[in-house]
Amino acid sequence: MKTGLAHFLAFVTVAIWGSTFVFTKILLVNGLSPAQIFTLRFIIAYILLLMFELTFRRQSFRLFSNSRRDELVMLLLGISGGSMYFLTENAAMLYTTATNTSLIVCSCPLFAMLLVALAYRQSEKFTRMQVAGSLIACAGMAAVVLNGRFVLHLSPKGDMLAFGACLCWAVYSLLMKTVTEHYSTFFITRKVFFYGLLTILPYYLAVPGFPSMEVIFSSQVIWNLLFLGVVASMVCFLVWNWVIHQLGAVVATNWVYFNPITTILFAWWLLHEQITPWFLFGTVLILTGMYLCGRVAK
């Protein structure tokens, strides 16, 4: 029962994350930088999550981990799933195409599988069916992203930044596996937001500046920020961290392959973009690959 619920929630979470490009684009048009958007959405998520815990979970509320080692893991989670991931992904868009960035970042399940295999050689044994399923899903993701246009514009700087973002999310998934057995999802997620915000601060020493209150509270900005902060950050990170605990890092991360599908469907719905045969073909491959991975992982 929990496994089925976890897969459903993983789908919903990835679907929401796939829609955030519209809201982020609106904020960019209104003058906010990628770093500012990340900072504001994490501030909103952290404050609301902190208030929720102090109100409804006061008895179990805690500030620090059980040990310095665990606190260091929380810091690394904040960097890999927060500040460094968002900075590298957004910076990659400045130097390479959106197609390259999407193709590289969405290949992170393969990196996650490799990292888990290296870190847990004894306890984590992947079958040929799991590996084949992940490769089939990856091929489907490539078909969706490339959309029949097999021309990639190489840009070493941009592509390396995209690979950096991909590696960050794979590391985040691996590290999450080490803490979900010992700490609540609420505690872990709050730590991710806190350390994500803390480690983004040095960026503002190099690139100072922040939007005014007038800009932030304008109708075109505040509602999009609230969606990104409350739904796409607080709720989705809570759900995703629970999903990793239930399904494991590799099976959960395979749902990232579904991200381009939700993005294109959202664009078709709101922006009236065309659905192509390549999209349908890639979707079938992704669903087949994810089914094979999930079926043998039970």
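Annotations
- The set of residues in the range 130-172 that are under 19 Å from P260 (Cβ atoms), at pLDDT below 65 and surrounded by fewer than 23 Cβ atoms within 10 Å (Cβ to Cβ) comprises L146, N147, G148, R149, F150, V151, L152, H153.
- Some residue of the range 38-61 being surrounded by fewer than 18 Cβ atoms within 10 Å (Cβ to Cβ) and under 22 Å from A165 (Cβ atoms): yes
- Any hit, the range 227-238, residues being aliphatic (A, V, I, L, M), at pLDDT 75 or above and in contact with a Lys or Arg (Cβ under 8 Å, 6 or more places away or on another chain): yes
- Pairing each residue of the range 32-46 that is farther than 13 Å from V207 by Cβ with any residue that is modelled with pLDDT of 90 or more and of a type in the set (S, T, N, Q), provided the two are 6+ apart or on different chains, yields C-beta distances under 8 Å for R41/S233; F42/S233; I44/S233; A45/S233.
- Exactly one residue among T127, T97 is under 21 Å from the mean Cα position of the chain (by Cα) and either over 17 Å from N259 (Cα atoms) or at pLDDT 65 or above (or both), and that residue is T97.
The values are calculated or read from the model by the stated rules, or taken from the named source; none is laboratory data. What you see is a predicted model; the values in this text were computed from it and never measured. Positions of Cβ are backbone-derived with ideal geometry, glycine not excepted, and every protein chain shown enters the neighbour counts.
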